[in-house]
Each structure stands twice: as C-alpha cells, then as structure tokens.
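Coordinate-derived values only; no laboratory data. Model, not experiment: these values are computed from the prediction. FYI the Cβ positions are ideal-geometry reconstructions off the backbone, even for glycines, and counts take in every protein chain you see.
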Amino acid sequence: MPDPSFALTLLFTAALTLGLLIKFWLSARQIRHVASHRDAVPAAFAQTISLTAHQKAADYTIAKARLGLLEMALGAAVLLGWTLLGGLSTLNQLLLAWLGQGMGQQLGLLGAFVVIGGLIDLPLSWHQTFVLEQRFGFNKMTLRLWLADLLKSSLIGALIGLPIAALILWMMGATGSLWWLWAWLFWMGFNLLLLVIYPTLIAPMFNKFVPLEDETLKARVTALMQRCGFHAKGLFVMDGSKRSAHANAYFTGFGAAKRVVFYDTLLSKLSAEEVDAVLAHELGHFKHKHIIKRIVSMFAMSLVGFALLGYLAQQSWFYTGLGVQPNLFAANDALALLLFMLAMPVFSFFIAPLFAQLSRKHEFEADAYAVGQTSAQDLSTALLKLYEDNASTLTPDPLYVRFYYSHPGASERLSRMHGIAPASV
C-alpha cells in the first residue's frame, strides 16, 4: 500500500511542474504569434485600425506576457516555499510558540500569511502600474493614490475578512463533521449580501459615482432597458480616468440593487449609438440568465470544495504530503484552510479551459442579443474602439485564446457577429 503522504507529494509536484510547463509554453506561443503579426494589420481591420495602434497593442500584449512569465516563476517558487519547503509549517510553529493554542493563533496564522504574501506581491504590483502601464500611457495613478488604495483595501479586507475567518474557524471546531455544510451556507449568504452592499458601501470608497447627466444618452439608455424589460436602480458614471485610461462599462449589484456603471473614459470615446450597443451586450447576459447560471455554478463548485476540504482536513497525509507538520495538541483548522487554498489552484488549472470556453459561448450569445436590439455595425465599431483603446491585440495565438480568453478574439467575435467565417490571421 503506497504511503498516501508520499503519493500526494508526487501528485502535487507533478501537477505543479506540468502546469508550469504548459503555462510557459502557451505564453511563449502567444509572444511568438503576436510578434510575427506585428508588422501588418489583419485585412479585416485594415480600414479601421492603424498600423501604429496595431503595433502598440502587439507590444503591450508581449510586455504583459513577459511580465506574466516572471509572475508565474515567482508564484511557483513562493508556493513551493510555503508548502514542500516548510514555510507554512515554520510560520505555524513560530506563532504557536508566541501566541499559544487557540483562536488567536489561528487568526494570527491567517493574517501573517496574507501580509507576507501581499509583501511578496507588492514589487510586481508596483511594476505593473508604474512601469508597464505607464510605458503604454494607461496609468493615471499617483504613488499617493496607489498607496491610499492599498491601505484602504487592506483595512477593508481585515475588517471583513477577520470576522468571517473567525466564524468559519469556529464552525470547523464546534459544529461537528458537517461543519463544511454550515460554512458553505454562510459563505454563500455572505457572497449574496456582498453583491447587494458592494455598489453602495464599498465601491464608493475607491471611486466617485455620479448620476449620468447627459439627458440624450440617458433617454436612449432608458428606452433600451425598457425595450429589453430590464430595470436598474440608477445610471452612474465612474471616475475611472483617475486610475487608468482603460475604458469599460458594467452592471453591478443584485436584484433591486442593480446599477449600470459607465467609465468616464468610455463615454468620452464612444458615440451614443455605440454606448447603446455595449449596454445591449451586457443586457444580453441578463436575458440569457448568464449571471444566474454563474452564481449557481459558483454555489455548486464551492459546495464541492467545502466538502472536499471537510474530508481533507481530517487526514494527516494531507498536511504531511504538502510539507506541513500538523499540530498534535492544537487545532489544525487554519492550516487546513491555507493548504487547501494553496493546493487547489494547482489542480484546477487543468479544467480552466472548460470555463473559459463556456464564458466565450456566453459572450457570443450576448453579442447576438445586442445585434438584435441595436445593430451589428454599432457594436462592431464600439468593440474596435475598445480594442484599440485598451491595446488589445487583434492577432492572439488561437491556442492561447482557447485556454485563457474569457472573451473571444476580435477576428472571431466580429466575424461571428456579421455572420461570416472568421478571417485568418
């Protein structure tokens, strides 16, 4: 009978190595493919996208992919450091010696893990904003605003996260073998509550939201929503330009708390007809019940995850197989949570393309709905403006798209929209 601890170590190492090789291979393909098509705009876009804009998108995509390679290497090294190299086990023992057994030590372990992880990620986060985004003209943040955002998000995370963690840890120790079911019910309730309170309580801490004042646009948007049978609590403009030049629009909230939010950068770039088309696309997601389907899927997957955690938390080989010595005379609940959070992405990576494919299918359905409510031409021109404004490449590697993209590539998306075969790139 093979040692389950050793078997888990081998399985984890193999999955991590294979996943890392696949990620590097896909990123290398993306870089080569985009670079090889850098010098010519695809024929389907030659009349609408300039060579300069096309080359900027290629350079931006390649720069992001190269930074992603560094992030992947660092992430793998940090993961090994926490697990098989004993980092999490050492941190746990240090906090046990300092704080002793009990809830304080377990919360201390979770908090210390988050703080250390955040500090490790900080240099790359700074580089992403102030080097890469700055280089391509997207960053609008000052160092002061960046630090303020970091402080606010950390405080909000602590104020919300610590009580939730304490409650889940209490459930793990006090509600018996089915603790995972109670924890799952609480977690789902919290996520639904967050959908309601985020737009009005949390988001305004970071951005300013003002009612849409353009009466002509407001009338168009209201008429579109009424035509589609959709009701929202309000139409708002967000000052996205204070952080980035990227443009976007989205729905937020749940039930009666739904809001339509436009980035100020989006309204400055699109015509009223194009804004209508973008909004109709978002309405398509609601008409096809994509949001509800995603919430139900999240509920189902999280239930499986909590049940699996409930089983693994009771197995000593789960800890030792991932490089952690479980506590003999103290609770291991925080250790179990952290190990599960560290290990699951290593294995779930291999099913990520299935969810990406489903997301692209939803985008095609939303596009078709938008074309039925507005026009393919308006949606096409809006999307092309957004592709150009966000420096999104028109020539991604097809396999990279299939594996990672939650939205279809530009050529495939616009070709499908107009009912013709995708152009070759």
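Some notes on this structure:
- Packing rank of 81-88, 299-306, where each peptide gets the mean count of other beta carbons within 10 Å, highest leading: 81-88, 299-306
- Candidates per trypsin sites (Lys or Arg not before Pro) in the range 280-358, loop by DSSP, up to 12 other Cβ within 10 Å: Lys289
- For the peptides 208-220, 260-272, the ranking by mean Cβ contacts within 10 Å, running from highest to lowest, is 260-272, 208-220.
- Relative contact order for the chain, counting Cα pairs under 8 Å that sit 6 or more residues apart, in percent: 25
- Summing +1 for each Lys or Arg and -1 for each Asp or Glu among the other residues whose beta-carbon sits under 13 angstrom from that of Asp367 gives 0.
- Structure note, pairs Lys258/Lys289; Lys64/Lys385; Lys140/Lys269; Lys140/Lys385; Lys152/Lys208; Lys152/Lys242: Cα-Cα distances above 24 angstrom do not occur.
- Correct option for Cα extents along the principal axes in Å [calculated from the coordinates] among [x] 105, 68, 53; [y] 73, 59, 41; [z] 69, 48, 44: [z]
- Residues with amide H under 5 Å from that of Ser244, placed H, sequence gap 5 or more: Lys140
- The angle between the Cα long axis of helix 143-174 and the longest principal axis of the Cα atoms of the chain comes to about 50 degrees, rounded to the nearest 10.
- Rounded, prolate or oblate (a/c below 1.5 giving rounded, otherwise prolate when a/b exceeds b/c) for the range 1-99 by Cα gyration tensor: prolate
- The chain: angle of helix 290-312 to the longest principal axis, Cα-based, in degrees nearest 10: 10
- Cα-based shape type of the range 305-425, given that a ≥ b ≥ c are square roots of the gyration tensor eigenvalues and the cut on a/c is 1.5: prolate
- Cα-based helix-to-principal-axis angle, 352-373 vs the chain, degrees rounded to 10: 30
- Distance from the range 95-144 to the range 292-323 (C-alpha centre basis), Å: 25
- Distant-in-sequence amide H partners of Val237 (H built 1.01 Å from N, under 5 Å): Val210, Leu212, Phe262
- Taking θ as phi - 60° and the Karplus parameters 6.51, -1.76 and 1.60, the scalar couplings of the range 195-203 work out to 4, 7, 8, 4, x, 9, 10, 9, 4 Hz in sequence order, x denoting glycine and proline.
- Within the chain, helix-based [θ] at 222 nm, where runs of 4 or more DSSP H residues each add -39,500 (n - 2.57), nearest 500: -22500 deg cm²/dmol
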